[in-house]
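The values are calculated or read from the model by the stated rules, or taken from the named source; none is laboratory data. A quick note: this is a predicted structure, and the numbers were derived from the prediction, not measured. Cβ sites come from the backbone with ideal geometry, for glycine too, and all protein chains shown count toward neighbours.
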Ligand SMILES: [Mg+2]
């Protein structure tokens, strides 16, 4: 296989899947195998692979799951043990649970994945209470809040799509300017605000839209069609 020069690094939910146009993007990517694919998702590996398989999206060079806490390398999706070790350096789920066990209205709900410690909150104001409790106890962590379920997931502070992507690109030897990123939500914000060219799809969160650098395209198409729109414009400009 010839060395990959350019890659598409994309989120899955709300970006590649969920707003129509999935088949068009799949056909385009399958017809352009010279473009490497990296998926970066909040999902777990099994979960993400089931979706990728269902839509027939190409196998990736690598996939980062749990918002970057784990990395798996294609084509056999072997776990990157070095990366997992890095995540564990600042990660103490047991201490974190102990610290939060004394906070009224914050109920432990178990692990929602290998890296996610889940809590249910009685109300929204407790998000900041949790943050200050963790800070007071010197427990750096990444916090993801799902208001619809009143669920708060806590992950290692190093679980960031941008960090995982940086590491993957270094390993595959692709320069930042040759990596096109695509996303829609807050957990894509760090990846979209880095130095990569990229696109925010039309259904992207307003909060993310307002913080993006000016070179990130704002597609007028939602989901997969937005990815395709941005990607094709970028490839046309960089022939
Ligand atoms: Mg998303």
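The figures follow:
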{"quantity": "Test result for residue 137, in contact with a helix residue (DSSP H, G or I) (Cβ under 7 Å, 6 or more places away or on another chain), modelled with pLDDT under 95 and on the phi < 0 side of the Ramachandran plot", "calculated": "no"}
{"quantity": "So residue 53, is it assigned by TED's automatic domain parsing to the domain that holds residue 188, at negative phi, surrounded by fewer than 17 Cβ atoms within 10 Å (Cβ to Cβ) and under 19 Å from the mean Cα position of the chain (by Cα)", "calculated": "yes"}
{"quantity": "Pair list, Cβ under 6 Å, 6 or more apart: the stretch 40-52 residue closer than 22 Å to residue 160 by Cβ, other residue at pLDDT 95 or above and in a helix (DSSP H, G or I)", "calculated": "40/161; 41/48; 42/67"}
{"quantity": "Unique match (being within 16 Å of the ligand (Cβ to nearest atom) and either surrounded by 18 or more Cβ atoms within 10 Å (Cβ to Cβ) or over 17 Å from residue 184 (Cα atoms) (or both)) among 12, 4", "calculated": "12"}
{"quantity": "Residue under evaluation residue 145, criteria (1) within 16 Å of the ligand (Cβ to nearest atom); (2) modelled with pLDDT of 95 or more, criterion not met", "calculated": "(2)"}
{"quantity": "Index of the failed condition, residue 103 passing every other in (1) in contact with a helix residue (DSSP H, G or I) (Cβ under 7 Å, 6 or more places away or on another chain); (2) assigned by TED's automatic domain parsing to the domain that holds residue 11; (3) in a loop (DSSP other than H, G, I, E, B); (4) away from the ligand (no atom under 16 Å from the Cβ)", "calculated": "(2)"}
